[in-house]
1. Check THR2 against each of (1) surrounded by 13 or more Cβ atoms within 10 Å (Cβ to Cβ); (2) farther than 30 Å from ILE313 by Cβ; (3) β-branched (Val, Ile, Thr); (4) in contact (Cβ under 8 Å) with a residue 12 or more places away in the chain and name the one condition it does not meet.
2. Quick one: in region 283-300, which of the residues that are assigned to a helix (DSSP H, G or I) and hydrophobic (A, V, I, L, M, F, W, C) is farthest from the chain's Cα centre (by Cα)?
3. Considering only residues of region 228-260 that are crowded, with 21+ Cβ neighbours inside 10 Å and hydroxyl-bearing (Ser, Thr, Tyr), which is modelled with the lowest pLDDT?
4. Looking at SER48, is it more than 17 Å from TYR6 (Cα to Cα) and in the same structural domain as GLU166 (by TED's automatic domain parsing)?
5. Would you check if there is a residue in region 319-337 being modelled with pLDDT under 70 and either within 19 Å of the chain's Cα centre (by Cα) or surrounded by fewer than 15 Cβ atoms within 10 Å (Cβ to Cβ) (or both)?
6. Go through region 85-138 residue by residue and tally those that are more than 24 Å from the chain's Cα centre (by Cα), of a type outside the set (A, V, I, L, M, F, W, C), modelled with pLDDT under 90 and surrounded by 16 or more Cβ atoms within 10 Å (Cβ to Cβ).
7. Do we have any residue at all in region 209-227 that's modelled with pLDDT of 70 or more, in a loop (DSSP other than H, G, I, E, B) and in contact with a Lys or Arg (Cβ under 9 Å, 6 or more places away or on another chain)?
8. Kindly indicate which of SER306, SER318 is farther than 13 Å from PHE197 by Cα, among the small types (Gly, Ala, Ser) and in a helix (DSSP H, G or I).
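The values are calculated or read from the model by the stated rules, or taken from the named source; none is laboratory data. For clarity, every value in this text was computed on a predicted model and none was experimentally measured. All Cβ positions, glycine included, derive from the backbone under ideal geometry; neighbour counts span all protein chains shown.
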Amino acid sequence: MTEKKYIILTDIKEFTYKNALLTNTQIEEMLQVFDEVVMTSADQYDISIIKSIWDAYLAISDSAQNAVEFTKDILSKTQKYDANHKISIKKMDLRVALTYGSITKNKSMNLDDYFWECINLASRIIDITPAWKIFLSWDFMKQLSKDQDCISLWKHDFHGVIQKTELFTISQMSREEIKSLTLDENTLLQECDKIVFRSACVSAILSAQPLPFVESFNIVWVHLYMIVKLSQKLERGVTLRSGAKIFKEVVTPLWAGYFGSQWLGTLAKIVLPWIGWYLFSPISFAVTYGMWKVYTSYFIHMLSDSKLPENEIIWIFSKQKDMWRTIAKSQKKDILKTGKKFYKDVMWIRKKSEYSEIQKDLISMLKSQK
């Protein structure tokens, strides 16, 4: 059966990024509050929730005004939630897309599902919708009363849509915000992942040196680079010296898992002197990659003036290391190739003036831990 409906699609901006960095408890708290907000408002404005996946809700309405009031209500309530969290990553940063058109109801596996172009369009619109904004299609805008203020966002190209689509918003937007919609976006998660991937590839290259235990010291500099760069992306300016302190604090509860893995590489090189380092490179890669969520979680706790618990450090590192070791085994050649390409970029940190003093401090720390 096909019928015309007003489509509402909600989304927590950069939820994948938040999910990767926050703990399960923090994510569950956010989603529980969001669900209560959506369901309460849906009852109030006669909105039908037809599908929900984590942070996204697909809803329909028979009234354009009800759809608008519903979205304004949930946006207002989630903004109050965000105001109680100083750390940006803990905010919902809700965004909403509204479209209008014909939808078809289909029953699959005893479940009702809806599909049609207006739903597909909503999913494309929400991808470029900023946090705390409501974007709507031209078809939806036409159904609103003349008293409703709408700002034109001009026409936009979307994949899978032949003609450009004119968008509107009922949210306040500056010229700079409107202009930024046409810019090529790289999400924060992608930028952080690029830093970590290159660092992990350089770690794999460093494990190739032949002297026993030396890789344990060399790879420390990769981690200092990663700490400094990630702190910049997460808006936490960390110097090389303070980064060394963070490394000491984080790696202490991981002694066996972190350096034990590196020393296994030395054993592999002794037993198989010509190929041992190549076989071990995925572990070096995984050990470095496994630390990225530990560091980012550390920064999040730092912002809230709390300390990342040691048991959480161990759990995060173990889970991430095992996952990335499995992935790296099948991509050794690409990892080593990337490591050679970015070796100088990552290891620039050794040229810093504080290098000698920090190196002495870290060597003393490593010796005391043995």
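1. (1)
2. Step by step, filter region 283-300, then rank; the result is ILE283.
3. TYR258
4. no
5. Checked against the condition, which is being modelled with pLDDT under 70 and either within 19 Å of the chain's Cα centre (by Cα) or surrounded by fewer than 15 Cβ atoms within 10 Å (Cβ to Cβ) (or both), region 319-337 yields no hits at all.
6. Final tally of qualifying residues: 2.
7. No: region 209-227 contains no residue that is modelled with pLDDT of 70 or more, in a loop (DSSP other than H, G, I, E, B) and in contact with a Lys or Arg (Cβ under 9 Å, 6 or more places away or on another chain).
8. Result: SER318 is the single residue among SER306, SER318 that is farther than 13 Å from PHE197 by Cα, among the small types (Gly, Ala, Ser) and in a helix (DSSP H, G or I).
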